[in-house]
1. Going by the structure shown, is B:ARG244 at the interface with another protein chain (Cβ under 9 Å from one of its Cβ atoms) and under 29 Å from D:VAL242 (Cα atoms)?
2. Quick one: A:GLY90 ticks every box in (1) closer than 30 Å to B:VAL184 by Cα; (2) open to solvent by 10 Å² or more (accessible area, probe 1.4 Å) except a single one, so which number is it?
3. Regarding D:VAL104, is this residue more than 11 Å from the chain's Cα centre (by Cα) and away from every other protein chain (no Cβ under 11 Å)?
4. Could you identify the single residue in B:GLU106, B:GLU160 that is modelled with pLDDT of 95 or more and over 21 Å from B:ARG27 (Cβ atoms)?
5. Could you pull out the residue among B:ALA213, B:ALA287, B:ALA247 that is open to solvent by less than 10 Å² (accessible area, probe 1.4 Å) and modelled with pLDDT of 50 or more?
6. Would you be able to tell me the number of residues in the range C:48-65 that are among the hydroxyl-bearing types (Ser, Thr, Tyr) and at the interface with chain D (Cβ under 7 Å from one of its Cβ atoms)?
7. Quick one: is C:ALA10 among the aliphatic types (A, V, I, L, M), in contact with a His (Cβ under 6 Å, 6 or more places away or on another chain) and surrounded by fewer than 18 Cβ atoms within 10 Å (Cβ to Cβ)?
8. Please name all residue pairs, on different chains or six or more residues apart, with Cβ atoms under 8 Å, provided the first residue is in the range B:59-86 and is under 18 Å from A:GLY220 (Cα atoms) and the second residue is open to solvent by 10 Å² or more (accessible area, probe 1.4 Å) and aliphatic (A, V, I, L, M).
4 protein chains.
Amino acid sequence: MTEIPTLAQAGDIILLVSSQKKRYIVRLDPLATIQTHRGVLPHTDLIGKPYGTRAFSHLGSPFLLLQPSIADLITELKRNTQIMYPKEIGYVLMNLDIGPGRRVLEAGTGSGGLTTALAYMVGPQGVVYSYDYRGQMQNLARKNLERIGLADRVFFKEREISQGFDETGLDAVFLDVPNPYDYVEQARSALKSGGFFGSIQPTTNQVSRLIIALRRANFGFIDVCEILLRYYKPVAERLRPVDRMVAHTGYLIFARSLIDIIEEDGIPPTEYALAGQVFETDDISSASQREDPED
Amino acid sequence: MTEIPTLAQAGDIILLVSSQKKRYIVRLDPLATIQTHRGVLPHTDLIGKPYGTRAFSHLGSPFLLLQPSIADLITELKRNTQIMYPKEIGYVLMNLDIGPGRRVLEAGTGSGGLTTALAYMVGPQGVVYSYDYRGQMQNLARKNLERIGLADRVFFKEREISQGFDETGLDAVFLDVPNPYDYVEQARSALKSGGFFGSIQPTTNQVSRLIIALRRANFGFIDVCEILLRYYKPVAERLRPVDRMVAHTGYLIFARSLIDIIEEDGIPPTEYALAGQVFETDDISSASQREDPED
Amino acid sequence: MTEIPTLAQAGDIILLVSSQKKRYIVRLDPLATIQTHRGVLPHTDLIGKPYGTRAFSHLGSPFLLLQPSIADLITELKRNTQIMYPKEIGYVLMNLDIGPGRRVLEAGTGSGGLTTALAYMVGPQGVVYSYDYRGQMQNLARKNLERIGLADRVFFKEREISQGFDETGLDAVFLDVPNPYDYVEQARSALKSGGFFGSIQPTTNQVSRLIIALRRANFGFIDVCEILLRYYKPVAERLRPVDRMVAHTGYLIFARSLIDIIEEDGIPPTEYALAGQVFETDDISSASQREDPED
Amino acid sequence: MTEIPTLAQAGDIILLVSSQKKRYIVRLDPLATIQTHRGVLPHTDLIGKPYGTRAFSHLGSPFLLLQPSIADLITELKRNTQIMYPKEIGYVLMNLDIGPGRRVLEAGTGSGGLTTALAYMVGPQGVVYSYDYRGQMQNLARKNLERIGLADRVFFKEREISQGFDETGLDAVFLDVPNPYDYVEQARSALKSGGFFGSIQPTTNQVSRLIIALRRANFGFIDVCEILLRYYKPVAERLRPVDRMVAHTGYLIFARSLIDIIEEDGIPPTEYALAGQVFETDDISSASQREDPED
């Protein structure tokens, strides 16, 4: 009836949660101590304890000892930029086909939120290249990755991406920069043929400009979408959504790097947006057709 | 300026897309042939071709040759049940901490949509246990997994899950069955302490019953949410959402298997729902607080 | 090219907006004065001024002089309860057929948000009956209605609604109380045959109970829905949704009071929920079919 | 316990619903007959019957006799254009302050969906001016309005709106045309000072252009929003959203005609978009602040 206790060990990345739901993520080190707003816990009090049990600070305050999920790691990151959240990251992973062994590039690095997820998912056989022209950002991201033991899968490159990328034949490229439309050629050059391109952009104006740039650079299967996530109060007798939610983090744009293009409905795709003409695609985009088998 | 061509090879899983966006996923085999509604293509016409280029059927119809993403693999699955879609699967992966090397269990198998994603993400070092009492389902799912070369990471078990699971100390358990509230004890026994629990349920009534069962079985950090995905027509000059979207696939429920529970606000969590009393949690759930750093 | 100035007159209900978007709604009275956080304005400074122009406080702070919309009146109401908002109220008006000359009943009164909209829309020939057992609530609502000159269309009744309503043959009844399922018979008795019923409820549990009670009491055409409203930052060069939005105010439930019921698909509607059996209605409810002409 | 029967009378606009939920809206005329797909009903069979009861066709098929709501009237309109739906119309009414006695203008007429709602809500003392350059459209809309007895409140004007409007001092103007940005000056001239402006636009590009035009023409309090409506299957034991929903009908844009403008945060509003500079308004727009009193 009861699960087998898994014991916290030195070197583990752990999540400690207070009764006020304040969260602490640390790597267990026999010589270290956690300072909380409710007292101090030496790591030695945690090492050897089963996950899922309570520990107490020197003031007697209880804390739950847990292993963090990748979602916990990302949302608890030290940051000085807007970061991507698990709802977008999870969908990006699926659409860019990120998994064990992949070689993937991102720009910019930012605080390392997506970097963390990519590094975790590509596994020890994969590799992540992360470009940012801001050295200060990369230092923060590197520290975040080091703290959770994933930095050895990431090559950080402090570089203006207008100068291009060093890599070629990559599985996927993700651009989280304000002007991705200026770098689609660089992205193409880094990708394998047929490779996966993704981006996140806050405004509709950026989305429009990126669509034009992607079509010009012979990308195809362009999809644009947004994800809304709504939480519920987990109370059985009074089940209802929470009062407030995030309305927008960004639009996701996906595309595939193509060598040939196939005309649809007699209209060459590269002319879609260039001519500024009114052009209506099918009612439901390719991606949402896939989303819904009932159509 | 141009990417390095990646050539399709015998044994590759490939995606072929017609000019009407009809999709075909096959494993390349020099002896095989693809039958499409627009003519026939022998695989030998595809082997050695660069991804991202066109191939032509014997009727002259063009098809784009691509590597499928994991999202493509799932949405193109042969199915005889409702399947989970990438928008939910991506978020489940993040919240159950699925990644290379994990040991994870799901029930039921269904058509193998989630199974496919789990098998891909745990990598060659990980393992997936997939339970379903319907042998017919498991045969379909096994064929789906074999077709894409991931079946060797999955143990299919034809079993009534009321009889319990064989495994213990697992990293995560996901229940996609109509009555998950009847099996939370079995899930607990299979999990490591502090392990990750997830479920998807179509109705609010099931969500309420599952919340009660989880609290009774000492699960904590219960989160309930839903994900809305909206696609846009990818036309730069006339950017707008598509006309129709999926309104509901299911509610996602997440929880952690705990040994101890910490009281919040002086109310023991196990009494939340049992007493049938009105209980209001914080306005924003723990998860959505995490979602939004600005609060 | 320029519009004809409309001048503010004594007796007008006006909206004054500061440069920080703080809002004040008052009835212009030559003897009165507005106290703001940025100084004082005698009403005589406003009387005779054109709407759409600025007035200045004695400290020199500018305020725009406007006529409030009914949405402004509702959102600026003095309140001590959760109120309904324009997004729900507008849809309720359409579905309960509220318009000039209607006779409509609501319970409870609350702070008078919906009361305000109903009183405005039924016009001088219509009438609103507003029940609440809390005298304190009704006093607040009455003051709110008096302040904007609509109180003479409303009969406030301080009463437990379990005792029934005095009226019969009404066009519409709206229940905004926590247990509407206890009062559907009272609602029926107050309605004309075929009359319009509506309710707003925060939790799914209340919705389920109300559906059962409505079916038992021979209501038909039951619709349940929710409305999400998302604002955008009105910046042309950087168009994007705001960061946060309201995730939930309540579920709307609509129904018609019927004398006869027509069986659908061979299943008598009154048995839908009573038997506790699994029953799936058509994929798209009657109302959403109406919503979408493409189906 | 039972409501007072209201009897259908000659001249009433009635809604007849078949057991397959097919809907018929007619004006009762002792000499007329309804042809349905399930048989014929002479109006004399309906006149004198209580609303909420069944009538039978000559083939014995049952039909429920009801009074239509304004939402029913709009969604059952004969149409040859995309029409606005009740979810948007209800919110437009609230924000443009449409009610008994108002004088309001719309362009274009289209099939008369919004016209119907406006004519109903302004009551016998109000008036609607409806412009469209397509005579064929106006004929259809006029017939739709005549059928339900509201045509006498509407002045139809077949006119290119670039030539301006005849009216001045109107309470509200609503533009449902593809290029509203070309007519904001005409709208201004027709409005009273401080008057209400509204528009619905399908694409983000149109929204951006309209925002610029409105700022140039001295409109203020610009709000942009969209409304999502999700229906639930009304089944108590299995409560859940329907599978599919409308993803987009249009963006709503609201503004007020101003004579003076107040600078916010030291930036003159007319420069917002003209300069093409990056300008971020407050996180939550004025309208959504109003939406949520808890912030």
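The values are calculated or read from the model by the stated rules, or taken from the named source; none is laboratory data. Note that the structure is a prediction, hence the values are computed from the model and not measured. All Cβ positions, glycine included, derive from the backbone under ideal geometry; neighbour counts span all protein chains shown. Keep in mind that these areas ignore ligands, DNA and RNA; they rest on the heavy atoms of the full protein, side chains included. Shrake-Rupley method; radii C 1.70, N 1.55, O 1.52, S 1.80 Å.
1. When the stated conditions are applied, B:ARG244 passes them.
2. (2)
3. Criteria met by D:VAL104.
4. Answer to the selection: B:GLU106.
5. Step by step, each of B:ALA213, B:ALA287, B:ALA247 is checked, and only B:ALA247 is open to solvent by less than 10 Å² (accessible area, probe 1.4 Å) and modelled with pLDDT of 50 or more.
6. 2
7. Values: among the aliphatic types (A, V, I, L, M): yes; in contact with a His (Cβ under 6 Å, 6 or more places away or on another chain): no; surrounded by fewer than 18 Cβ atoms within 10 Å (Cβ to Cβ): yes.
The answer is no for C:ALA10.
8. B:PRO62/A:ILE262; B:PHE63/A:ILE262; B:LEU64/A:ILE262; B:GLN67/B:ILE13; B:PRO68/B:ILE13; B:PRO68/B:ILE25; B:ASP72/B:ILE25
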